[in-house]
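K.L.:
Okay, handing you the structure first.
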Amino acid sequence: MRFAIVRNDAVGIAVAGIAAALVYAAYCQLHGLLDSEAIPMGVSLGWGVSVGLPSGLFGWLIWRERALLAAFVDRGPMHRMSISIGIFLTTLIIGSMFHVVAPGGDYRADFAAQILARMFDLLPVAVAVAALITTLLLRVRAKGDDNVTEPVSDIRWMTFPEAPRLKLRVDDICTIRSAANYCEVHTADRVHLVRAPLKLMAERLAPRGFVRVHRTAVVNLARLQSVTMASSGRTSVVHLDNGDHIKIGAAFADALDDLLVQKKS
């Protein structure tokens, strides 16, 4: 999975880091109270910043890819468990490593033993974080399914749960093409990347007059200019008004022919 950070994410990263730092500082204070050993607030804040900033960055990256991870979690208990375990271990390792190098720690003295000791201290935090994120991912997935069909008032516009900042006029979209783990949404003047499978995009756009014509392409019938027929009489290539020419896959020819007949009638 590829995680990418862009300039516009700076605010989100800062908020996530500060929030995580405060949570860890509060946990440090609570840990001291339970052990009947008062911990100076300065020490708690220093530890919270050292541990919370990298943990916050990890949390923000998870949130950036929430739609893809939510779809993975939604596949079943085994996928859900693998995501939860991965988040649990990552939180535990990040927290333990930065705990040792936090102010007041001595990372030069038996580093491995300190890591193991800190892992034991951070077990409740790691369990809580993994459970919380997994629950949120399940809620994101359910909400995303509700967004497949939008209110009639927004029918002219298309939004994408995987790319919250992206909003396009349906009429401006020419084609959607598969590109590894992404889809390329082609408009007349540019290409937008959305991290979603083409099958999901085809299902979302079907009510808007889009049809899948190939295993790697979905087209907007409103942008259809002409159709080239093969000698057998079956559809072979569609030509769009933006100059695209897309070959029709055999598995999708019948569905396209039916839609073209309905359009004519």
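The values are calculated or read from the model by the stated rules, or taken from the named source; none is laboratory data. A quick note: this is a predicted structure, and the numbers were derived from the prediction, not measured. We place every Cβ from the backbone using ideal geometry, glycine too, and count neighbours over all the protein chains shown. Accessible surface areas use protein heavy atoms only, side chains included; no ligands, DNA or RNA. Shrake-Rupley method; radii C 1.70, N 1.55, O 1.52, S 1.80 Å.
K.L.:
If you go through region 154-192, how many residues are open to solvent by less than 30 Å² (accessible area, probe 1.4 Å) and in contact with a helix residue (DSSP H, G or I) (Cβ under 6 Å, 6 or more places away or on another chain)?
P.N.:
6
K.L.:
Right, another one. Could you run through region 188-233 and say how many residues are within 20 Å of Ala253 (Cβ to Cβ) and acidic (Asp, Glu)?
P.N.:
Total meeting the criteria: 1.
K.L.:
Ok, one more. Regarding Arg195, is this residue farther than 20 Å from Val261 by Cα and open to solvent by 10 Å² or more (accessible area, probe 1.4 Å)?
P.N.:
yes
K.L.:
Kindly list, by first and then second residue, each pair from a residue in region 190-219 that is touching a residue at least 12 places away in the same chain (Cβ under 8 Å) to a residue that is among the charged types (D, E, K, R) and part of a strand (DSSP E or B), limited to pairs with Cβ atoms under 7 Å and residues at least 6 apart or on different chains.
P.N.:
Leu193/Glu184; Ala202/Arg212; His214/Lys247; Thr216/Arg177; Ala217/Arg177; Val218/Arg212
K.L.:
Something else about it: Among the candidates Ala255, Ala251, Ala188, single out the residue that is within 30 Å of the chain's Cα centre (by Cα), farther than 23 Å from Arg156 by Cβ and at pLDDT below 85.
P.N.:
Selected residue: Ala251, the only one of Ala255, Ala251, Ala188 that is within 30 Å of the chain's Cα centre (by Cα), farther than 23 Å from Arg156 by Cβ and at pLDDT below 85.
K.L.:
Looking at (1) touching a residue at least 12 places away in the same chain (Cβ under 8 Å); (2) open to solvent by 40 Å² or more (accessible area, probe 1.4 Å), find the lone condition where Met229 falls short.
P.N.:
It is condition (1) that Met229 fails.
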